[in-house]
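Working notes, structure below.
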Amino acid sequence: MSVFPAIDSPLPIARQTAAVEAEHCGLLFREYRLRAYRFALQLVGNPEDAMDITQEAFLRIHKHWSRRDKLRPFAPWLYSIIRNPAVDLYRRRGARKETNWDETQPQESPHPDPEALLEKDELKERVWRAIHRLSPEQREVPVLRDMQGFAYKEIAAITGNSLTTVNSRLHDAREILRRKLGRYL
Amino acid sequence: MSEKPIESMLSAYLDGELTQAEQQRVRIHLENSDAAREKLRQLQTLKKATSELAFLPPSDDRMDELEQRLSVKAPRRVGWVLFVIGAVAGVLYSGYLFVTSDMHWLRKSIVGSIHVGLLLLPASVARQRILELPHDRYRGVKR
C-alpha cells in the first residue's frame with residue numbers, strides 16, 4: 001500500500017490535528033519536491049530560478065496549509081502555485097536570458113548508435129530552445145501536457161483558463177513549434 | 001454552432017481530447033489529405049521529442065538544503081505574525097494606560113516622544129514593505 005494513500009483526497013476529519021497536518025505537509029514536500037522543481041525548471045529553464053520558485057511555492061503552501069481547500073487535490077494546487085511566479089518571472093525577464101541546455105541535462109550513457117543519438121539530441125535541444133522562445137502562456141501548455149502528462153481539463157484547472165483556451169493555446173504553440181522545427185521533424 | 005476547422009483539431013486529436021464525432025471527422029480528413037497526414041506525423045514527432053526531454057535532477061544535498069531552509073523559514077513567518085499581533089496589542093494597551101494616567105504633562109510629553117520615535121522605526125520598515133508589495137513576484141499567486 002502506498003505511503004500516501006489519500007494524498008489527493010481530503011484527510012479524515014478525526015486526523016485534522018495540527019501535528020498530523022504538519023506531518024502531512026512535510027510528507028507532501030518530500031513526495032512532490034522533485035516534481036515541483038522539474039516543473040519550475042521546465043517553465044523557467046534555469047536551475048537556480050527553479051530552485052527559488054520551488055522554495056517559495058512550498059513556503060506558500062506551508063503558510064496557507066490550514067486554510068487550503070481540502071476538497072481540492074494537492075497536485076493541481078501545487079502546480080498552480082509554481083506556475084504563477086514562474087510565468088511572471090519569465091514575462092518580466094523576457095526571453096533575453098538564454099536557457100543553458102547543457103546545465104539542465106543529465107549525462108548520457110554510451111549509446112550503440114552515436115549518429116542516431118546525436119540527431120535525437122539535436123532535435124531535443126532545438127525543441128527545448130524553441131519552447132523557451134514561446135510566450136509564457138503558450139509555453140506552459142505543452143509543458144503541462146507533453147512533459148507533465150496532464151489532461152486538458154487538469155491544465156484548465158491549473159492555469160485557471162477555459163478548456164477552449166487550453167485547446168487553442170496548445171494548438172497555437174504546437175503550430176509555432178512545428179513551423180520552426182519543420183525540417184527536423 | 002460553427003464547426004471547428006479540421007486542421008486546428010489535429011493537436012487535440014493527437015491527445016485523444018476530441019469527441020467521437022470530431023475524431024471521425026478528422027479520420028475522414030486524414031484519409032483524404034496527404035498534407036494533413038504529414039502534419040499529423042510532424043506533430044507526433046514533436047510531441048514525442050517534447051515528452052522525452054529529460055532534466056537533470058538537483059543533487060540530494062540541494063534538496064536537503066531546500067528542506068532545511070523551509071524548516072527554518074516557515075516557523076519564522078509564524079513567529080513574525082505572532083510578534084506583530086502581540087506588539088500591536090501591547091502598544092495599544094500601553095497607550096491607553098499612558099493617556100489615562102495622571103502623570104504631569106511635561107513628563108508625559110517626554111516619555112510619549114521617546115515611545116512614538118521608537119514606534120516610527122518599525123513603521124518605516126512596514127511602509128517600505130508595503131511599497132515593495134506591487135513588485136513582489138509571488139503576490140498574485142492563488143492559494
- Any chance region B:116-129 includes a residue that's part of a helix (DSSP H, G or I), at pLDDT 85 or above and among the charged types (D, E, K, R)? yes
- Residue in region B:87-100 that is polar (S, T, N, Q), out of contact with any Lys or Arg (no Cβ under 9 Å at 6 or more places or on another chain) and outside any helix (DSSP H, G or I) present: no
- Where residues in region A:146-171 are out of contact with any helix residue (DSSP H, G or I) (no Cβ under 6 Å at 6 or more places or on another chain) and within 11 Å of chain B (Cβ to nearest Cβ), which of them is nearest to residue A:81 (Cα to Cα)? A:159
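Table: residues versus (1) more than 7 Å from every other protein chain (Cβ to nearest Cβ); (2) within 17 Å of residue B:70 (Cα to Cα); (3) in contact (Cβ under 8 Å) with a residue 12 or more places away in the chain; (4) of a type outside the set (Val, Ile, Thr).
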position	(1), (2), (3), (4)
A:39	yes, no, yes, yes
A:43	yes, no, yes, yes
A:51	no, yes, yes, yes
A:63	no, yes, no, yes
A:75	yes, no, yes, yes
A:78	yes, yes, yes, yes
A:81	no, yes, yes, no
- Item | The listed residue being within 14 Å of chain A (Cβ to nearest Cβ), part of a helix (DSSP H, G or I), touching a residue at least 24 places away in the same chain (Cβ under 8 Å) and at negative phi, out of B:67, B:7, B:38 | B:7
- Task: Would you be able to tell me the number of residues in region B:11-35 that are part of a helix (DSSP H, G or I) and at the interface with chain A (Cβ under 8 Å from one of its Cβ atoms)?
- Result: 2
- Go through (1) at pLDDT 90 or above; (2) in contact with a His (Cβ under 7 Å, 6 or more places away or on another chain) one by one and return the number of the condition residue A:171 breaks. (2)
- Note on the structure: For helices (runs of 4 or more DSSP H) lying entirely in region A:60-141, having 3 or more residues that are modelled with pLDDT under 80 and outside the structural domain of residue A:34 (by TED's automatic domain parsing) picks out A:101-104, A:114-131
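Determine, yes or no, whether residue A:181 is touching a helix residue (DSSP H, G or I) at 6+ places or on another chain (Cβ under 8 Å), hydrophobic (A, V, I, L, M, F, W, C), crowded, with 20+ Cβ neighbours inside 10 Å and more than 24 Å from residue A:85 (Cβ to Cβ).
no
The values are calculated or read from the model by the stated rules, or taken from the named source; none is laboratory data. Given the structure is predicted, the values throughout are model-derived calculations rather than measurements. Note that each Cβ is placed from the backbone with ideal geometry, even for glycine, and that neighbours are counted across all protein chains shown.
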